[in-house]
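Undergrad: Let me give you the structure first, and then I'll get to my questions.
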């Protein structure tokens, strides 16, 4: 097995629990290896730091799988997958505000100490996303283990993420085992959804499951027949929870296909009479709604990632402030703002500061009621702030 030795002073982050070794931190690689092979990682003084897989063409040269001197074999991956399943068993996913669901994230990459692997469960179908060369080398083994451990009827690959190109991997999707329709029906509590396995992410935004339920619960504080706005609504997941809880909902998304799916979801859930959806640019439509004098009791802002890198942060910050400013001007006194960011480069403190700036400009007063993150099936690795990417702030506006 080859050994990666770090440059002097470059081991502090790994000693703090992080799982990544950047290419610029590597002093030398000793021994023969092929890209994707498992290697030992040592500090400059020879201290063993862990064992992971190496890809010399990637910015992240090594991703650690373990800090122990243990074999990385079928038994190792079985233990890791069994631990991931156990974490999500015993009603854990339904505790607190989480609605009972047959759809959830089964493996969350570094959050489950399986960097480069995402596995989502939709009923009796798994969707697997392999993002790195080292994990791609294990794909056949992982599929066999997942079949055995979960008993699902089919496994679908969503190996089409752009990041695979940086790992030297092709972009592809399709059935890895079994087959069936590429649309699967799931439920979140009383709400039903039809998930296209070819849609955004792995088909659905599972990370917002608990936040959708919490947002709907706030409707009870807003009086009879509240009106809600769901900006960047995609296929209407927030909208369905709000409408089922009694709100009249306007949903906006730029993608006509997503809007068509949202309309179909309203019909599926028997709330079509309380929902309206528009295919429009949310920035433009928010401005127009302000000009039209529209008012809402609750507004949800769940945009796509405005900042995928730190270089994009200034423009992203302007975008977040803009949509929050418009939302604050649309809310009635006493209304609720649910504002989200899935940009890892935008911290919770930064998002809250942007909301405060928007409130000042809008001449509104806001109070933070809750600060939330992704659903608990996306466990946060305490040594890796990158794994806590979703921020969800719930504020009362006066």
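Undergrad: Taking the 0 to 90 degree range and rounding to the nearest ten, how far is the long axis of helix 139-150 tilted relative to the main principal axis of the chain, both from C-alpha atoms?
TA: Tilt relative to the chain: about 60 degrees.
Undergrad: Another question, then. Jot down the radius of gyration and Dmax of segment 187-297, Cα atoms only, both in angstrom.
TA: When restricted to Cα atoms, segment 187-297 yields Rg and Dmax of 13.4, 39 Å.
Undergrad: Hey, another quick one. How high is the FRET efficiency from residue 68 to residue 347, r the C-beta distance, R0 51 Å, rounded to 0.05?
TA: On the way: r = 32 Å, r/R0 = 0.63.
Rounded to the nearest 0.05, the efficiency is 0.95.
Undergrad: Decide, for the chain, between rounded, prolate and oblate: order the square roots of the alpha carbon gyration tensor eigenvalues as a ≥ b ≥ c, take rounded if a/c falls under 1.5, and otherwise choose prolate if a/b is larger than b/c, else oblate. Numbers along the way, then the final one.
TA: Working: a/c = 2.30, a/b = 1.59, b/c = 1.44.
Because a/c hits 1.5 or more and a/b exceeds b/c, the chain counts as prolate.
Undergrad: Only bridges with both residues in segment 1-141 count here: give the DSSP antiparallel percent, nearest 5. Before the final figure, lay out each step's value.
TA: Working: 27 of 30 bridges.
Of all bridge pairs located within segment 1-141, approximately 90 percent are antiparallel.
Undergrad: What percent does the relative contact order of segment 74-185 come to when contacts are Cα pairs within less than 8 Å and at least six residues apart?
TA: Numbers: 160 pairs, mean separation 21.8, N = 112.
Value for segment 74-185: 19 percent.
Undergrad: Another question, then. So if we plug the beta-carbon distance of residue 292 and residue 183 into 1/(1 + (r/R0)^6) with R0 = 45 Å, what FRET efficiency do we get, rounded to 0.05?
TA: Numbers: r = 36 Å, r/R0 = 0.80.
Using R0 = 45 Å, I get an efficiency of 0.80.
Undergrad: How would you classify segment 74-185 from its alpha-carbon gyration tensor, with a ≥ b ≥ c the square roots of the eigenvalues: rounded for a/c under 1.5, else prolate if a/b is greater than b/c, otherwise oblate?
TA: Values: a/c = 1.60, a/b = 1.33, b/c = 1.20.
Prolate, because a/c is 1.5 or more and a/b exceeds b/c.
Undergrad: Over what distance in Å are the Cα centres of segment 136-174 and segment 1-22 separated?
TA: Cα centres, segment 136-174 to segment 1-22: 27 Å.
Undergrad: To two decimal places, what compactness ratio does segment 1-97 give when its Cα radius of gyration is scaled by 2.2 N^0.38 Å? Before the final figure, lay out the partial values.
TA: On the way: Rg = 15.8 Å, N = 97, 2.2 N^0.38 = 12.5 Å.
The value comes to 1.27.
Undergrad: Ok, one more. With a 10 Å Cβ neighbour count serving as the proxy for reagent exposure, in which order, fewest first, do 128, 338, 26 appear?
TA: By the 10 Å Cβ count, ascending, the order reads 26, 128, 338.
Undergrad: Below 8 Å between Cα atoms, with a sequence gap of 6+, how large is the relative contact order for the chain in percent?
TA: Working: 814 pairs, mean separation 45.1, N = 398.
Computed value for the chain: 11 percent relative contact order.
Undergrad: Compute the distance in nm between two label points, each set 7 Å from the Cα along the Cα-to-Cβ direction, one at residue 82 and one at residue 217.
TA: The modelled label-to-label distance comes out at 3.5 nm.
Undergrad: On a full-extension model of 0.36 nm per residue, what is the gain between residue 149 and residue 398, subtracting their alpha-carbon distance, rounded to one decimal in nm?
TA: Values: separation 249, 0.36 × 249 = 89.64 nm, distance 5.11 nm.
Between residue 149 and residue 398, full extension yields an extra 84.5 nm.
Undergrad: Sticking with this structure for a sec: Counting DSSP beta bridges with both partners in segment 187-298, what percentage is antiparallel, nearest 5? Mind dumping the intermediate values first?
TA: Numbers: 2 of 13 bridges.
Approximately 15 percent, going by the DSSP bridge assignments.
Undergrad: Express the relative contact order of segment 3-66 as a whole percentage, based on alpha carbon pairs under 8 Å and six or more residues apart in sequence. Let's see the in-between values first.
TA: Working: 123 pairs, mean separation 24.3, N = 64.
Rounded, it is 38 percent for segment 3-66.
Undergrad: Provide the gained length on full extension for the span residue 276 to residue 367, in nm with one decimal, where the gain is 0.36 nm per separating residue minus the Cα-Cα distance.
TA: Details: separation 91, 0.36 × 91 = 32.76 nm, distance 2.92 nm.
So the chain would gain 29.8 nm between residue 276 and residue 367.
Undergrad: Here is a follow-up. Expressed as an acute angle from 0 to 90° and rounded to the nearest 10, what is the orientation of the C-alpha long axis of helix 348-362 relative to the principal long axis of the chain?
TA: 20
Undergrad: Quick check on the chain: of the DSSP beta bridges with both residues there, what percent are antiparallel, nearest 5%? It would help to have the intermediate numbers written out before the result.
TA: On the way: 52 of 78 bridges.
Within the chain, antiparallel bridges account for around 65 percent of the total.
Undergrad: Right, another one. Using per-residue counts of other Cβ atoms within 10 Å, averaged over each peptide, order 11-23, 223-235 from highest down.
TA: Details: 11-23: 16.2, 223-235: 21.7.
Result, highest mean Cβ count within 10 Å first: 223-235, 11-23.
Undergrad: Could you tell me what a quarter of the Cα convex hull surface of segment 205-397 works out to, in nm² with one decimal place?
TA: Orientation-averaged projected area of the Cα hull: 10.4 nm².
Undergrad: So what is the 222 nm mean residue ellipticity for the chain from helices alone, if each DSSP H run of at least 4 adds -39500 (n - 2.57) and you divide by all residues, rounding to the nearest 500 deg cm²/dmol?
TA: Numbers: 11 runs with 112 residues, N = 398.
Counting only the DSSP helices, I get -8500 deg cm²/dmol.
Undergrad: I would also like to ask the following. Between segment 322-398 and segment 263-312, what is the separation of their alpha carbon centroids in Å?
TA: 16
Undergrad: Shape call for segment 330-381 from the C-alpha gyration tensor, a ≥ b ≥ c root eigenvalues: rounded (a/c under 1.5), prolate (a/b greater than b/c) or oblate?
TA: Working: a/c = 2.99, a/b = 1.79, b/c = 1.67.
Here segment 330-381 falls in the prolate category.
Read the figures in this text as sums done on the coordinates, not as results from a lab. Owing to the predicted nature of the structure, the values given are computational and were not obtained by experimental measurement. All Cβ positions, glycine included, derive from the backbone under ideal geometry; neighbour counts span all protein chains shown.
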